[in-house]
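Chemist: Below is the structure I would like to discuss, written out as structure tokens.
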Amino acid sequence: MIEPLLRTDEKLDKLAWPGLESIAKPEIESGQTIIVASGFEDRAGAYLDESLKNESTGFRVIAIEYRPHYDENRKARLEDQCRSAGIEPVWIVYDRHDPTGIGERILTEIGQDVPLMVDISGMSRLLIVQLLVALGRRPQGYANCKLIYTEAEEYPPSRGEFESDYANAEEADPTFISWGVQALAVTPELTSPAMAGQSIRLVTFPSFNRAQLRQCIDELQPTYINLIEGIPPHEAYRWRARAIRQLNSQAMEAIPNRKVHQTSTLDYIETLHLILELYAKHSAFDKLVISPTGSKMQSVAVGIATAFLRDLQVVYPTPMKFTDKERHTVGIADYFRLSLGGIHL
């Protein structure tokens, strides 16, 4: 019997995607390269720090320095960590206002067939997508590639902070994690042409920065919108999905042709299968534009899908500013690993 030819999205949907593995003892093997970002959260660089404490040696570090510069970013601390272990990190600048081509620049520095660990814990959502797209489009795809993700101990805002700030907000937007939008970032490597007469279908993740959703709607003028609400794995944070819906309700209601979905903020497979489902249903008639403003693991799903489905377009409403580091994630909880090397189409 002749097997039917499958479209790329159908092949992706049938793959047995690997789940997250819990890591009891962080370590980096000799000969590996780890990519880590010098963000301002406690979990940025925590895996590297613990690996060094566990006497990992003989590996290479590629470190991402964010621009514009924030004093809170942990560049100096990360540099000291490495040098105390006899490692000279290779620094690559990531300009949030001009992010074009960062994935390819990182791959050029890595070289070919290198065992790779990518610590996404301190990375911006757009950087996660760009890097996963660049890796997935290599001839060897995700071979020898593992992602590292560190959960935080606390995820601001607290329920009380949200209710207080939201109740007191009048004309100005409440400021929780980030505020405003600098620009809608569109990079050539994440862009695809629209067919004549195609409707725009926006697939996006409402966040605590409601200006992000408004900016996407204002600039893209979508005919349809698919909103993906993130459901945290821990019961104590389940209220956040309702709070974000409340915060973004006015912008959501501006698009009558909308549908709301829910996927886990931690299990990337749920989000990946939803993106593939939306692609199968709508890509023949609509241009799908995805804005990865959800969780970091939801952004992993966006990056993987975009690596293979080249007519997806990714845009990112870059925040105008971030709040004090005390109002970002606090502490370090569990470490996870995602081994993508066995995925082949």
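Chemist: So which trypsin sites (Lys or Arg not before Pro) in region 210-269 pass both tests, a DSSP loop state and at most 12 other Cβ atoms within 10 Å of the Cβ?
Modeler: On the way: sites: 210, 214, 238, 240, 242, 245, 258, 259; in loops: 238.
Answer by residue number: 238.
Chemist: Working out 0.36 nm times the residue gap between residue 91 and residue 198, then minus their Cα-Cα distance, what length gain in nm do you get to one decimal?
Modeler: Working: separation 107, 0.36 × 107 = 38.52 nm, distance 4.17 nm.
My answer for the length gained is 34.4 nm.
Chemist: Using only the alpha-carbon atoms, what does region 196-345 span along each of its principal axes? Please give whole angstrom values in decreasing order.
Modeler: If we take the Cα atoms of region 196-345, the spans are 49, 42, 27 Å.
Chemist: I've got another one for you. In debye to the nearest 20, how big a dipole does region 34-100 give about its Cα centre with +1 on each Lys and Arg Cβ and -1 on each Asp and Glu Cβ? Mind showing how you got there, number by number?
Modeler: On the way: 9 positive and 13 negative charges, 24 e Å.
In debye, rounded to 20, region 34-100 gives about 120.
Chemist: Among 15, 216, 66, whose Cα projects farthest towards the positive end of the dipole of the chain, with charges put on the beta-carbon of Lys, Arg (+1) and Asp, Glu (-1)?
Modeler: So the residue we want is 15.
Chemist: Also, quick follow-up: Excluding residue 121 itself, what net charge comes from residues whose Cβ is under 14 Å from its Cβ, given Lys and Arg +1 and Asp and Glu -1? Could you put the intermediate results ahead of the total?
Modeler: Values: positive: 43, 74, 125, 146, 296, 337; negative: 41, 42, 49, 50, 119, 151, 153, 334.
With Lys, Arg at +1 and Asp, Glu at -1, the net is -2.
Chemist: Report the one residue of 257, 197, 312 whose Cα lies farthest in the direction of the positive end of the charge dipole of the chain (charges on C-beta: Lys and Arg +1, Asp and Glu -1; origin at the Cα centre).
Modeler: Result: 197, furthest along the dipole toward the positive end.
Chemist: Which whole DSSP H helices in the chain pass both tests: a Cα extent of 15 Å or more along the axis and a mean Kyte-Doolittle value no lower than 0.5? Numbers along the way, then the final one.
Modeler: Details: long enough: 125-136 (17 Å, 2.11); 210-220 (16 Å, -0.60); 268-282 (21 Å, 0.36); 296-308 (19 Å, 1.05).
Span-like helices here: 125-136, 296-308.
Chemist: Determine the percent antiparallel among the DSSP beta bridges restricted to the chain, to the nearest 5.
Modeler: Counting only bridges with both partners in the chain, antiparallel ones make up about 30 percent.
Chemist: Given bins 5 angstrom wide, list per bin the percent of all Cα-Cα distances in region 40-105, short to long.
Modeler: 4, 15, 26, 22, 18, 10, 4, 1
Chemist: If R₀ is 25 angstrom, what is the calculated FRET efficiency for the pair residue 243 and residue 27, using the beta carbon separation as r and rounding to 0.05?
Modeler: Values: r = 38 Å, r/R0 = 1.51.
Calculated transfer efficiency: 0.10.
Chemist: Roughly how many nanometres apart are two label points built 7 Å out from the Cα toward the Cβ at residue 163 and residue 285?
Modeler: 4.4 nm
Chemist: Taking H placed 1.01 Å from N in the peptide plane, check which residues at least 5 places from residue 28 or on another chain put their amide H under 5 Å from its amide H.
Modeler: For residue 28, whose amide H was placed from the backbone, the distant partners under 5 Å are 56.
Chemist: Also: For region 1-129, what does the convex hull of the Cα positions come to per residue, in cubic angstrom? Can you show the working numbers first?
Modeler: On the way: hull volume 20.1 nm³, N = 129.
Spelled out: Cα convex hull of region 1-129, divided by residues, is 156 Å³.
Chemist: Could you compute Rg(Cα) / (2.2 N^0.38 Å) for region 236-317, with N its residue count? Could the numbers behind the result be given before it?
Modeler: Working: Rg = 13.4 Å, N = 82, 2.2 N^0.38 = 11.7 Å.
Normalised by 2.2 N^0.38 Å, the Cα Rg of region 236-317 equals 1.14.
Chemist: Please state the Cα pair-distance histogram of the chain with 20 angstrom bins from zero: what percent is in each bin?
Modeler: P(r) over the chain, rounded to whole percents: 31, 60, 10, 0.
Bear in mind that the values in this text are calculations on the coordinates, not laboratory data. In this text, all values refer to a predicted model and were calculated from it rather than measured experimentally. Methodologically, a virtual Cβ is constructed for each residue, glycine included, from the backbone with ideal geometry; neighbour enumeration extends over all protein chains shown.
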